[in-house]
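Encoded as structure tokens, the structure appears first; notes follow it.
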Amino acid sequence: MKKIFAWIEKVKKTFQLFGIMGEVYIFNMLLLFLAFLVMALIVSYNFSRQGRTYQMNYNYAALKGIENLMHEQENQFMEVLKSSYYESLNGGNIFGNPEMDSSQEEEQKQRKSRISDFLHNSFNTGYGSLSVYSAKDDCAYTYMNRRIYTYTDDTVNEMRNVYKDKHAHLVMTSSTISGRHGKDRTYGMIYSIRSVDTYENIGALQLEYKTGLIDYLLEKSYPSVMGDFLIIGANGEVFYDSTGQWYEKIYPYAAQLLESKGETRTIKFGEGKYYFNSLQAETELYHGLHYFGFLAYDEVYQNIRITLNYMIGVMGIMIIISGIAMFINVQAKSRILRKIYAAMKNVRQGNLDVQVELSGGRQGELTEIAYSFNKMTVDLKGYIKREYQLKLEQQQYLLMALQAQINPHFLANSFEAIRMKAMLDGEKEIEQMVMILSKIFRNAAKGDTVLTIGTEVDNCESYLWLHKIRFQNQLSYHLEVPEEVRQYVIVRHALQVIVENYMVYSFDGSREDNEISIRGEKAGDWIILTIQDNSEGVSEEKLEEMRGYIRDPQSTDQRKHIGLGNVSRRMRIVFGDDFQFTIDSAQDGGLIEKLKFRACIEEEVGHAVQSDTGRR
């Protein structure tokens, strides 16, 4: 007893370590047990009822099959009977010429030959025996085992009685074992044969079937049928009994069974209780057969109990396996919960470097929560770092802007005055250049941190057009940025700085084929902007130096390298890790510079890209 209490205490402590997951486990186990109990009761009730119904229906189907077999046998018998009249209708008779004296040897020989031919031609392998009774000879001719036998003893009394009955009707003979069939048990059908001239009985026809045909039908067509089968007449005579107990006897419970014909009922024979199905033959000539199928109570429920116990056993094993699996799962999840709780306590204390340790693949909601928590701490730390850096750089840029500030209104008026002077003097190129320069200045004077890619590309086009006027045919440019790309945002001057670098460092005034292109495309959720020129390029050492400005823009001296490092730094502030900047040498010379960043509209980039003007 002490060991049991110690074990219970140990289990209790284990679930206390699980915390809320232990409570969930206990609750789920109780639900699982109750569900199993209810399901077992429902399955037991329904399976018992359905099992009994299935067995009774299958028994009834077999009973119907026996009835169909008997009906087919009756039809076969009637076909044989009809064939006995075919020769008579054509002017002959299977019994010979009635005008001849029966004592004449020739007439007897002819009659026997006709009967033999008829029996031989009419016999079927499914028959037990086929007999014709000739009243003229008071003799029965029987074909069986490929031979014809003649009988004049009491075995032909039933055919004699049918011959003597002036009212023609089908007579069924109950099951017997005669010496003619060895050990085979048979039942038969007898009908009188009449003269087509006088309509008087001149003989009788008997066809016997072996009861083994019914046994064969049940074995082949209904192999798993349960119960016993019985065929009796109106007076209780037995035609077929699958138990073999009541052959050549009057069935003692016939009256009790016939009262319940056509229904499925229960009946008690001695100490045994049975379910039974019943059918009554409804054929053209005979209506006296009754078919019964019996299922013993014990036999029905014994098979059901075996199957039911097996099912309950399987269900019990399943609930045990489920309980163990749930215990292992709860144990694993409670371990993750404890890790998440510990990490949250560290974050609450200001430690953003904490991470929930995970092992294995990402499976389950708690694992997803842990991954999300880890990502949240990383994102939060990065956001705080970007915000702090942005504020610091804004203060630096503001100081530099204040130091170099010139009245934009004054410069705009000055540009306009110069343009008007050039126009009055007829200097159209100077006028156009001043107008473009004024436009560039107005765009540069705006304080927004981000603008649409379309606006940035237009500013680059103005800048390039200004230089094209200056250098005439020495410079060409191509802008291929579709409308679906133009709607997304980019940091101000991100492209213009790269274009300015080209004009300052890569443009060759001695060449006539200087060319630069800007291409844009959208790949899924990403924007890719490619700036390519056909300059002589740069050395590998210089290329690595430029890549260094991109990789570590914080180390770039802002007063000396306002170009690539500035672009990389500002793009990372806005887009974070969703930004890539690469520089490579083209195979045929020149540089290929690519900006890859997430496609965002202005409302999506958040607080980090509010205008500098709005911050002042």
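Here, each number is a calculation from the coordinates, and none is a lab measurement. Keep in mind that this is a model prediction, so the values were computed, not measured. Positions of Cβ are generated from backbone atoms using ideal geometry, with glycine treated the same way; all protein chains shown enter the neighbour counts.
Structural remarks
- About the centre of its Cα atoms, segment 446-615 shows a dipole size close to 580 debye [charges on the beta carbon of Lys, Arg (+1) and Asp, Glu (-1) only; nearest 20 debye].
- Under 15 Å from a label point set 7 Å out along the Cα-to-Cβ vector of residue 136, the amide N atoms of segment 107-122 belong to 107-118.
- Sorted peptide list for 225-233, 305-313, 369-377, criterion being average Cβ within 10 angstrom, highest first: 225-233, 369-377, 305-313
- In segment 446-615, Cα pairs under 8 Å separated by at least six residues give a relative contact order of 27 percent.
- Fully extended contour minus Cα-Cα distance, from residue 329 to residue 273, at 0.36 nm per residue: 14.9 nm
- Distance between the pseudo-spin-label points of residue 71 and residue 298 (7 Å out from Cα toward the beta carbon): 3.7 nm.
- Model label points for residue 423 and residue 50, set 7 angstrom from Cα along the Cα-to-Cβ axis, are 9.4 nm apart.
- Model label zone, residue 106; criterion: amide N under 20 Å from point 7 Å along Cα-to-beta-carbon; scope segment 134-155: 137
- Cβ crowding within 10 Å averaged over residues, with 267-279, 576-588 ranked highest first: 267-279, 576-588
- 3J(HN,Hα) from dihedral phi, segment 456-472, Karplus parametrisation 6.51/-1.76/1.60, rounded to Hz, x for glycine, proline: 5, 5, 4, 4, 5, 4, 4, 5, 5, 5, 4, 6, 5, 4, 6, 9, 6
- Contour minus Cα-Cα distance for residue 369 and residue 320 (0.36 nm per residue): 14.7 nm
- The modelled label-to-label distance for the pair residue 154/residue 338, using points 7 Å beyond Cα in the direction of Cβ, is 9.8 nm.
- Under-5 Å amide H pairs with residue 534, H placed in peptide plane, nonlocal only: 515
- Virtual paramagnetic centre 7 Å along Cα→Cβ of residue 585, amide N under 11 Å, in segment 507-540: 536-540
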